[in-house]
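Engineer: I have a structure here, written as structure tokens, and I will follow up with some questions on it.
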Amino acid sequence: MNIGVLALQGAFIEHEKVLDKLGVDYTELRQKSDLDTKLDGIILPGGESTVQGKLLRELDMFENIKEQIEDGLPVLATCAGMILLAKDIEDDDTKHLSTLPITVKRNAYGRQLGSFYTESDYEGLGEIPMTFIRAPFVAEAKPEVDVTAVVNDNIVGVEYKNQIAISFHPELDESTKIHERFLKMCESPTVAQA
């Protein structure tokens with residue numbers, strides 16, 4: 001198995017450490033040619049969604065990644081990654097990959113000082129640690145989207161077809177349950193590969 005980790009900006013190294021811990025191979029996605037590699041899944045890390053979206057376009061990686069996700073390539077999107085996948089961003093006309101039928105609220109908890117840690121229930125995984133850093137949350141999810149985690153009455157985890165999107169940073173906590181769930185999705189023979 002080979003997981004593509006978007007490595008343009010943000011917390012990609014922390015995701016790679018989790019994959020190392022789980023014994024999974026990965027390819028850093030830094031330029032268009034990296035997308036020629038056979039991928040079983042892709043991780044969109046936290047960071048600055050505006051910067052990541054801009055770099056994806058400038059490096060001519062945007063359409064390829066969007067098409068692979070739309071064709072069924074499993075994706076795990078954390079924090080800024082969730083914003084990249086969202087169809088809509090509240091109070092912002094910016095469009096990124098737009099593969100996930102949700103509306104997100106950026107920096108929903110305020111700036112760095114609004115960061116926090118909690119433990120809460122994630123559908124199918126039980127209680128897991130959740131670290132939020134300048135996190136978004138889902139302001140609205142279409143009926144076909146499965147809500148997997150809610151903290152303080154805000155949706156912080158969703159799953160839709162081949163996409164897992166969460167507001168928090170599982171790569172910063174000891175639990176590997178989110179990554180394991182994603183890797184199971186990557187192993188599924190029913191998922192269409194690009």
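The values are calculated or read from the model by the stated rules, or taken from the named source; none is laboratory data. Worth saying up front: this structure is predicted, and the values here are computed from it rather than measured. We place every Cβ from the backbone using ideal geometry, glycine too, and count neighbours over all the protein chains shown.
Engineer: I'd like the full set of residues that are surrounded by fewer than 17 Cβ atoms within 10 Å (Cβ to Cβ), more than 17 Å from T131 (Cα to Cα) and touching a residue at least 40 places away in the same chain (Cβ under 8 Å), limited to region 10-23.
Structural biologist: Answer for region 10-23, where residues must be surrounded by fewer than 17 Cβ atoms within 10 Å (Cβ to Cβ), more than 17 Å from T131 (Cα to Cα) and touching a residue at least 40 places away in the same chain (Cβ under 8 Å): K21, L22.
Engineer: Also: Residues of region 149-182 being under 25 Å from D25 (Cα atoms), part of a strand (DSSP E or B) and out of contact with any Lys or Arg (no Cβ under 8 Å at 6 or more places or on another chain), which ones?
Structural biologist: Within region 149-182, E159, Y160, Q163, A165, I166 meet the criteria.
Engineer: Here is a further query. D146: surrounded by fewer than 24 Cβ atoms within 10 Å (Cβ to Cβ), over 25 Å from R30 (Cβ atoms) and out of contact with any helix residue (DSSP H, G or I) (no Cβ under 6 Å at 6 or more places or on another chain), yes or no?
Structural biologist: Considered against the rule, which asks whether it is surrounded by fewer than 24 Cβ atoms within 10 Å (Cβ to Cβ), over 25 Å from R30 (Cβ atoms) and out of contact with any helix residue (DSSP H, G or I) (no Cβ under 6 Å at 6 or more places or on another chain), D146 comes out as yes.
Engineer: Further question: Write out, first by first residue and then by second, each pair whose Cβ atoms fall under 9 Å of each other, whose residues are 6+ apart or on separate chains, and whose first residue, in region 172-194, is buried (at least 18 other Cβ atoms within 10 Å of the Cβ) and modelled with pLDDT of 95 or more while the second is part of a loop (DSSP other than H, G, I, E, B) and of a type in the set (D, E, K, R).
Structural biologist: Within 9 Å, the pairs are L183/D40; C186/D40.
Engineer: Looking at (1) touching a His at 6+ places or on another chain (Cβ under 6 Å); (2) of a type outside the set (F, W, Y); (3) within 15 Å of S49 (Cβ to Cβ), find the lone condition where R106 falls short.
Structural biologist: Here R106 meets the rest and fails (1).
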